[in-house]
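The values are calculated or read from the model by the stated rules, or taken from the named source; none is laboratory data. Everything numeric in this text was worked out from a predicted model, so none of it was measured. Positions of Cβ are generated from backbone atoms using ideal geometry, with glycine treated the same way; all protein chains shown enter the neighbour counts.
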Amino acid sequence: MNKNTTISIIGAGPVGLTLAYLLAKQGLRVQLFEKQQSLQKDYRASTFHAGTLDLFEESGITQALLDRGIACPDFQYRGWKEGKIAQFDHALIADFTRHPFRLQCEQFKLSEFLFSKLSEMPNVDLFMNHELSGLSQNGDQVTLELRHLGSQKIHQSDWVIGTDGGRSATRKSLGLEFKGFTYDEKILVLGTPYDMRESFEDLSYINYFSDPVNYAHMLKIPDLWRMSLPLPNDLDDEMALSPDYINGRLSPLMPALDHDQIHVKGVYHVHQRVVDRYRVGRVFLAGDAAHLNNPKGGMGLNGGLHDAMSLSKIFSDHLVRGEERFDDYEKERRAEAINAIHHQTQSNYNALKESDDSAREKLFDKWRALERNEEEARAFLLNTSMINSLWRCGLLDKPHREGTQVH
Ligand SMILES: Cc1cc2nc3c(=O)[nH]c(=O)nc-3n(C[C@H](O)[C@H](O)[C@H](O)COP(=O)(O)OP(=O)(O)OC[C@H]3O[C@@H](n4cnc5c(N)ncnc54)[C@H](O)[C@@H]3O)c2cc1C
């Protein structure tokens, strides 16, 4: 591979744009194909973890996020009736990160920043309205079939990275299985300018509500307050988004908030899936195209950004260390999608929806005890902040300090 080698990225979501930016900054030739005419502006990811912020400091992406987001030092576990149960402060991990907080910023703001940077780079071509419909490869090249404004186009590339989301056409073209499951319920996501602190005492900017029926998260993002509530899978989306249904769900929880104050609403299916292989020959998968998880803990996009960093380092090292370096990608990243992201988000989900009264009491006691025990709380935060995951896969160096126990 040399600097004239072309790398095609399929999908201009936050992962594809980040990867394009990291590769282009190395001087590599990048072509980015996006099926939509413009970038998606939806309210999905908003949490960027301490580990991610450390990882992207050198690239300038962290500064862009800091300029646009809100640094939130703590998060809470709560009950609707019980109020605050426990609070965890990232100050406890300040010795391990330069960013002891979660950064809350809408994912589309990161995408807009990256897109404008990429538009100015001479070694980057951005192809909007280009939808991948199929691909084939031989030992030297990949042939892409693309739909563009009603016509079919063929494009050759040296390497391809599919960052085309959960329904990835890249993954399907490779014939790979996307093993896992879809949850029995969907989630309703609501965004409002109403200040949730008026309804709840001592509310943090990041809150997880435990409840057998209304388990939820409630977060402050720069534009709005956001919350999610579970929905039965068989409930029609249109019905779930209707003013009557939304008012019926909100009034017992927050009588002061009603549908008229909801500015953003959406319904999402939730999955826990990971692809069998992250690379087939000259084609790689990253982000949601490779793994999906439930959003409790805000890890899906963070994991995708870690994939992007891993791939960018591998493409850089490969110039010196040769082809076998490409095999490291799946080893580094697939295990983390399962061990870190799936494990953590599933355990958050199980805890939040616990329905047995005595089990809930025990869970609340466990959270309170964890809050009181500094060492355990630190170990917990190193997981939730994804720092442990980045140490494990080698993307961040684990510091060795005498007298400090890190699990
Ligand atoms: C409600 C909700 C809240 C979330 N909150 C968080 C959070 O706080 N923190 C977190 O880390 N994660 C969170 N996530 C997950 C996060 O949103 C996703 O992990 C993230 O968007 C994945 O980015 P991506 O670039 O891989 O894929 P996407 O954002 O899905 O982007 C894929 C892109 O590919 C394009 N595309 C698709 N098919 C083709 C094709 N055939 N050809 C060309 N282009 C194509 C699409 O148009 C799109 O632009 C949340 C998810 C949801 C649903």
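Go through the stretch 10-27 and count every residue that is farther than 30 Å from Phe101 by Cβ and crowded, with 24+ Cβ neighbours inside 10 Å.
So in the stretch 10-27, the residues farther than 30 Å from Phe101 by Cβ come out as 10, 27.
Of the ones still in play, those that are also crowded, with 24+ Cβ neighbours inside 10 Å are 10.
Total satisfying the criteria: 1.
Here Leu363 meets the list (1) within 16 Å of the ligand (Cβ to nearest atom); (2) outside any loop (DSSP other than H, G, I, E, B); (3) more than 19 Å from Gly51 (Cα to Cα); (4) not charged (D, E, K, R) almost entirely, failing just condition (1).
Within the stretch 309-358, being of a type outside the set (S, T, N, Q) and not in a helix (DSSP H, G or I) holds for Gly322, Lys353, Glu354, Asp356.
Filtering Asn302, Asn339 for residues that are polar (S, T, N, Q) and either modelled with pLDDT of 95 or more or buried (at least 19 other Cβ atoms within 10 Å of the Cβ) (or both) leaves a single hit, Asn302.
In the stretch 328-342, which residues are in contact with a helix residue (DSSP H, G or I) (Cβ under 9 Å, 6 or more places away or on another chain) and not basic (Lys, Arg)?
Once the filter is applied, which keeps residues that are in contact with a helix residue (DSSP H, G or I) (Cβ under 9 Å, 6 or more places away or on another chain) and not basic (Lys, Arg), the stretch 328-342 yields Asp328, Tyr329, Glu332, Ala335, Glu336, Ala337, Asn339, Ala340, Ile341.
Among (1) away from the ligand (no atom under 11 Å from the Cβ); (2) farther than 19 Å from Pro252 by Cα; (3) of a type outside the set (Phe, Trp, Tyr), which single condition is Thr163 missing? Going through (1) away from the ligand (no atom under 11 Å from the Cβ); (2) farther than 19 Å from Pro252 by Cα; (3) of a type outside the set (Phe, Trp, Tyr) one by one, Thr163 breaks only (1). Which residues, taken from the stretch 344-376, are closer than 17 Å to Leu292 by Cβ and either touching a helix residue (DSSP H, G or I) at 6+ places or on another chain (Cβ under 9 Å) or of a type in the set (D, E, K, R) (or both)? Residues satisfying the conditions are Gln344, Thr345, Asn348.
Take the residues of the stretch 237-261 that are in contact with a Ser or Thr (Cβ under 9 Å, 6 or more places away or on another chain) and surrounded by fewer than 20 Cβ atoms within 10 Å (Cβ to Cβ): which is nearest to Gly191 (Cα to Cα)? If we take residues in the stretch 237-261 being in contact with a Ser or Thr (Cβ under 9 Å, 6 or more places away or on another chain) and surrounded by fewer than 20 Cβ atoms within 10 Å (Cβ to Cβ), then Gln261 is nearest to Gly191 (Cα to Cα).
Listed by first and then second residue, the pairs linking a residue in the stretch 158-186 that is touching a residue at least 24 places away in the same chain (Cβ under 8 Å) and part of a loop (DSSP other than H, G, I, E, B) to a residue that is β-branched (Val, Ile, Thr) and away from the ligand (no atom under 13 Å from the Cβ), with Cβ atoms under 7 Å apart and 6 or more places separating them unless they lie on different chains, are Asp158/Thr5; Asp158/Thr6; Asp158/Ile7; Leu174/Val280; Leu174/Val283.
Out of the stretch 118-157, which residues are touching a helix residue (DSSP H, G or I) at 6+ places or on another chain (Cβ under 7 Å) and in a loop (DSSP other than H, G, I, E, B)?
Met121, Asn123
So which residues in the stretch 43-65 are part of a helix (DSSP H, G or I), under 16 Å from the mean Cα position of the chain (by Cα) and polar (S, T, N, Q), if there are any at all? Thr52, Thr62 - these are the residues of the stretch 43-65 that are part of a helix (DSSP H, G or I), under 16 Å from the mean Cα position of the chain (by Cα) and polar (S, T, N, Q).
Would you check which residues across the stretch 4-28 are within 10 Å of the ligand (Cβ to nearest atom) and under 17 Å from Leu55 (Cβ atoms) and list them?
Restricting attention to the stretch 4-28, the residues satisfying the condition of being within 10 Å of the ligand (Cβ to nearest atom) are 9-19.
Selection gives Pro14, Val15, Leu17, Thr18, Leu19.
Looking across the stretch 274-312, the residues that are more than 17 Å from Ser389 (Cβ to Cβ) and more than 8 Å from the ligand (Cβ to nearest atom) come down to Val275, Asp276, Arg277, Arg279, Val280, Gly281, Arg282, Val283, Phe284, Leu285, Ser312.
Only one of Asp234, Asp223, Asp202, Asp244 is without any contact (Cβ under 8 Å) to a residue 24 or more places away in the chain, of a type outside the set (Gly, Ala, Ser) and part of a loop (DSSP other than H, G, I, E, B); which? Full working, then the answer.
On the way: Asp223 fails: without any contact (Cβ under 8 Å) to a residue 24 or more places away in the chain; Asp202 fails: without any contact (Cβ under 8 Å) to a residue 24 or more places away in the chain; Asp244 fails: part of a loop (DSSP other than H, G, I, E, B).
From the options Asp234, Asp223, Asp202, Asp244, the qualifying one is Asp234.
Listed here are the residues, each with its yes/no results for (1) among the charged types (D, E, K, R); (2) within 14 Å of the ligand (Cβ to nearest atom); (3) closer than 30 Å to Glu361 by Cα.
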site	(1), (2), (3)
Arg68	yes, no, no
Cys72	no, yes, yes
Tyr77	no, no, yes
Ile85	no, no, yes
Ile93	no, no, yes
Lys109	yes, yes, no
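In the stretch 29-47, how many are near the ligand (Cβ under 6 Å from one of its atoms) and closer than 16 Å to Phe108 by Cβ? Let's see the steps before the verdict.
Quick first cut of the stretch 29-47, residues near the ligand (Cβ under 6 Å from one of its atoms) only: 33-36, 40, 44-47.
Those still in the list that are closer than 16 Å to Phe108 by Cβ too: 34, 36, 40, 44-47.
Here the count works out to 7.
Filtered by the rule that a residue be away from the ligand (no atom under 13 Å from the Cβ) and either touching a Leu at 6+ places or on another chain (Cβ under 6 Å) or among the basic types (Lys, Arg) (or both), the stretch 218-268 gives Ala240, Arg249, Leu250, Leu257, Ile262.
Name every residue in the stretch 384-401 that is part of a helix (DSSP H, G or I) and either among the hydroxyl-bearing types (Ser, Thr, Tyr) or surrounded by fewer than 17 Cβ atoms within 10 Å (Cβ to Cβ) (or both), in order of residue number. Hits for the stretch 384-401 are Thr384, Ser389, Arg392.
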